[in-house]
Amino acid sequence: MLDPKLIRDNIEDVATALLKKGFELDAASISALEQERRSTQQEAERLQQESNTRAKNIGKAKAAGEDIAPLLQEVNDLKAAKQKAEEQLTNVQSRLENMLNGIPNIPDAEVPEGKDEEDNVELRQWGTPRVFDFEVKDHVDLGADIGGLDFDTASKLTSSRFAVMRGDIARLHRALAQFMLNTHIDEHGYTEINTPFIVNKESLYGTGQLPKFEEDLFKLTDDRELYLIPTAEVPVTNVLRNQIVQDAGELPIKYACHTPCFRSEAGSHGRDTRGMIRQHQFEKVELVQFVKPSESDATLEALTGHAEAILQALELPYRTVVLCGGDLGFSAARTLDIEVWIPSQEKYREISSCSNFRDFQARRMKARFRNSDTGKPELLHTVNGSGLAVGRTLVALLENHQQADGTVSIPAVLHPYMGGKTSIG
């Protein structure tokens, strides 16, 4: 969440900055609630002081042999009034907190203006989309011909937007995840972490999914308030919730985590219903870094480069774009999307979203480090991104490396993970 003091002291500037995200801040309502909170708190404090004064007077009157009944009544009346003021204060604070929780992060100044993904700005491209001398198949048909990608059985087992993988395609999917993890750990310096796939609401609040985006989540149908993770970002980032990193020399803390991800895809009906582009369950290797505030800009560039390195090793053409304000996520201050070329669609599709959240998530989680210069705790900055989405990488690999005879060539870096196989099909 944003710093409440920043909102109180600069509410008009905050409102103006948030317009880039298409968010209209209700400054008047926030200011009115803040004024009500201050006046109610002052009244509660005044009543407490009055009650303390009357209590002292009771002792004096009793010592002087005076009738203390009127004073006792005054104290009781003051206590009742104070309790009512405190209840009102709790109500006002709850309303104000709910309103503040719904305010997104402020986009960085250099985030481009725009309404949606059409207004994102390309930063760079790598590789050249292949020109095929035969009719290109999409990954669904390729998978069916190879015999390892089965959506009908998955639908029978569960419902639509799930997949069953067998044989070489299942092995290739696993190989991709292993290759990503090994690269990020051995070459990019991340520590592997294995976390639960189910989290509590406090974790989802910490990273910004709750309370605003509950409809996008799969919730367990019992009274424990537990959810399937939409991304490993949630459990991994919350590892430092309510903690202070005492030795700033430990920063940056860099985690790589491979998990399934579960998304209800609310509001996406009719979009990408064919194949593996948009599923309710998919796998990702997530990269999360906790850094000093002064290092988060450079960290975002480095982390994006780590994700790009996977695509380069797999010989998959891609481009990197900076998201415009209207396409920027709730918690992000700046996001770089990596989009891989999908031949059957003749377009680039998102395969990784890398974001700098600055202290937005850390403030919600109370995740801090002790500044070695001041000795005081300060909020961390969090940066994360997919490195990569495994299913979409499989889609891109199948389509970009397909051959005229229906086989799929395997990039050299994956040969050891595939038992030496250089192609499948």
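Quick rundown of the values:
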{"quantity": "Restricting the stretch 159-204 to residues that are assigned to a helix (DSSP H, G or I) and polar (S, T, N, Q), the residue that is most open to solvent (accessible area, probe 1.4 Å)", "calculated": "178"}
{"quantity": "Selected residue (only one of 133, 67, 141 is over 30 Å from residue 304 (Cβ atoms), assigned to a loop (DSSP other than H, G, I, E, B), modelled with pLDDT of 95 or more and not β-branched (Val, Ile, Thr))", "calculated": "133"}
{"quantity": "Which numbered condition residue 54 fails, given (1) part of a helix (DSSP H, G or I); (2) open to solvent by 40 Å² or more (accessible area, probe 1.4 Å); (3) without any contact (Cβ under 8 Å) to a residue 12 or more places away in the chain", "calculated": "(3)"}
{"quantity": "Residue among 350, 378 that is in a strand (DSSP E or B), modelled with pLDDT of 95 or more and more than 23 Å from residue 285 (Cβ to Cβ)", "calculated": "378"}
{"quantity": "In the stretch 68-120, the residues that are farther than 30 Å from residue 323 by Cα and of a type in the set (S, T, N, Q)", "calculated": "73, 76, 83, 88, 90, 91, 93, 94"}
{"quantity": "Elements of type strands (runs of 3 or more DSSP E) contained in the stretch 211-322, each with 3 or more residues being touching a helix residue (DSSP H, G or I) at 6+ places or on another chain (Cβ under 9 Å)", "calculated": "253-262, 281-291, 318-322"}
{"quantity": "Residues that are within 36 Å of the chain's Cα centre (by Cα) and acidic (Asp, Glu), drawn from the stretch 23-67", "calculated": "24, 26, 34, 36"}
{"quantity": "Breaking point among (1) within 30 Å of residue 398 (Cα to Cα); (2) in a loop (DSSP other than H, G, I, E, B); (3) among the basic types (Lys, Arg), for residue 156", "calculated": "(2)"}
{"quantity": "Residue match in the stretch 413-425 (condition: hydrophobic (A, V, I, L, M, F, W, C), part of a strand (DSSP E or B) and either modelled with pLDDT of 95 or more or surrounded by fewer than 21 Cβ atoms within 10 Å (Cβ to Cβ) (or both))", "calculated": "yes"}
{"quantity": "Residue that is nearest to residue 367 (Cα to Cα) [pool: residues in the stretch 209-265 that are modelled with pLDDT of 95 or more and among the hydroxyl-bearing types (Ser, Thr, Tyr)]", "calculated": "237"}
{"quantity": "Selection from the stretch 365-392 of residues that are out of contact with any Leu (no Cβ under 8 Å at 6 or more places or on another chain) and among the small types (Gly, Ala, Ser)", "calculated": "372, 375, 389, 391"}
{"quantity": "Output for the stretch 382-401, where each listed residue is open to solvent by less than 20 Å² (accessible area, probe 1.4 Å) and either of a type in the set (Lys, Arg) or touching a helix residue (DSSP H, G or I) at 6+ places or on another chain (Cβ under 6 Å) (or both)", "calculated": "382, 383, 384, 385, 387, 388, 390, 393, 394, 395, 398, 399"}
{"quantity": "Filtered residues of the stretch 356-381 (kept if of a type in the set (S, T, N, Q) and open to solvent by 10 Å² or more (accessible area, probe 1.4 Å))", "calculated": "371, 372, 374"}
{"quantity": "Every residue from the stretch 68-80 that is within 49 Å of the chain's Cα centre (by Cα), open to solvent by less than 80 Å² (accessible area, probe 1.4 Å) and either under 9 Å from residue 51 (Cβ atoms) or in contact (Cβ under 8 Å) with a residue 40 or more places away in the chain (or both)", "calculated": "78"}
{"quantity": "Residue list for the stretch 215-253, restricted to those being touching a Gly at 6+ places or on another chain (Cβ under 6 Å) and either of a type outside the set (Lys, Arg) or buried (at least 22 other Cβ atoms within 10 Å of the Cβ) (or both)", "calculated": "238"}
{"quantity": "Search result, residues across the stretch 121-145 that are open to solvent by less than 40 Å² (accessible area, probe 1.4 Å) and in contact with a Gly (Cβ under 7 Å, 6 or more places away or on another chain)", "calculated": "138, 139, 140"}
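The values are calculated or read from the model by the stated rules, or taken from the named source; none is laboratory data. Source: prediction; values computed, not measured. We place every Cβ from the backbone using ideal geometry, glycine too, and count neighbours over all the protein chains shown. Remember, those area values only see protein heavy atoms, side chains included, never the ligands or the DNA or RNA. Shrake-Rupley method; radii C 1.70, N 1.55, O 1.52, S 1.80 Å.
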